[in-house]
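The values are calculated or read from the model by the stated rules, or taken from the named source; none is laboratory data. On a predicted model such as this, the values are computed, not experimentally measured, just so you know. Because the Cβ atoms are built from the backbone with ideal geometry, glycine has one as well, and the counts that use them run over all protein chains shown.
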Amino acid sequence: MITSIQGLLISATPLHAVIELNGFGYEVNVPVTTAERLPASGANVKLHTLVIYREDAQTLYGFSTAAERDFFRLMIENVTGVGPKLALTIMSRLSLPSLESAIRMGDIATLAKCPGIGKKTAERLVVELKAKVGGSVAAVAAAQTGDASHPGPVVANAHLDAVSALTALGYKAAEADQSVRRAALALGPQATTEALIKRALGA
């Protein structure tokens, strides 16, 4: 099984990346949350991967962290009606910390707003995954820091607290999550909740 790929980033779009390794160009399907963290074309990049085999295709999916890849696998292996394409869409809409938080809190409304996700599928996500993500603080932190081997719970909490603050101000959950992700990219992984909020608000 191919669990990771590291090579030269040839090109990237919000949902695809082409990585050259040993003379071969590998097309990797990625969520938007991973694409927005990719370096410029021509730089070296590493993605944590999962290969899905079908009778007529072999598709490679890549993620910034091992925690995100493992959550992707968790969805497609445990939630009825959620295949690779839909799982990628869900992870493109919300970051891993926000996804796990929504599942732990039973926030059906937030999950149901992901493209292609109705209320019933959102309910299945909660029912079938809640017990599996309940204690994954390390995974949440790893997704925030971009390093699965050095988790930082405080950083993950800063992301979630900033998202909660923006939703309290009237932002939709997905919009708040996206704004905080952008703020985190600009400020770095150790940004405080206050700094994330100010950046997200354009202050």
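Some observations on this one:
- Filter result for residue 43 (in contact (Cβ under 8 Å) with a residue 40 or more places away in the chain and touching a strand residue (DSSP E or B) at 6+ places or on another chain (Cβ under 6 Å)): no
- Residue in segment 1-24 that is modelled with the lowest pLDDT, counting only those that are touching a strand residue (DSSP E or B) at 6+ places or on another chain (Cβ under 9 Å) and not in a strand (DSSP E or B): 1
- Of all residues in segment 25-37, those satisfying the criterion of being modelled with pLDDT of 95 or more and hydrophobic (A, V, I, L, M, F, W, C) are 28, 30.
- Looking only at residues of segment 16-68 that are loosely packed, with under 13 Cβ neighbours inside 10 Å and among the aromatic types (Phe, Trp, Tyr), we find that the one that is farthest from residue 3 (Cα to Cα) is 24.
- Every test in (1) at pLDDT 85 or above; (2) surrounded by fewer than 18 Cβ atoms within 10 Å (Cβ to Cβ); (3) closer than 22 Å to residue 30 by Cβ is passed by residue 189 save one, and that test is (1).
- When the residues of segment 53-74 are filtered to those that are among the aliphatic types (A, V, I, L, M) and not in a helix (DSSP H, G or I), the one that is farthest from residue 129 (Cα to Cα) is 57.
- On inspection, residue 102 fails the criterion of being out of contact with any Gly (no Cβ under 9 Å at 6 or more places or on another chain), in contact (Cβ under 8 Å) with a residue 12 or more places away in the chain, exposed (fewer than 13 other Cβ atoms within 10 Å of the Cβ) and under 25 Å from residue 180 (Cα atoms).
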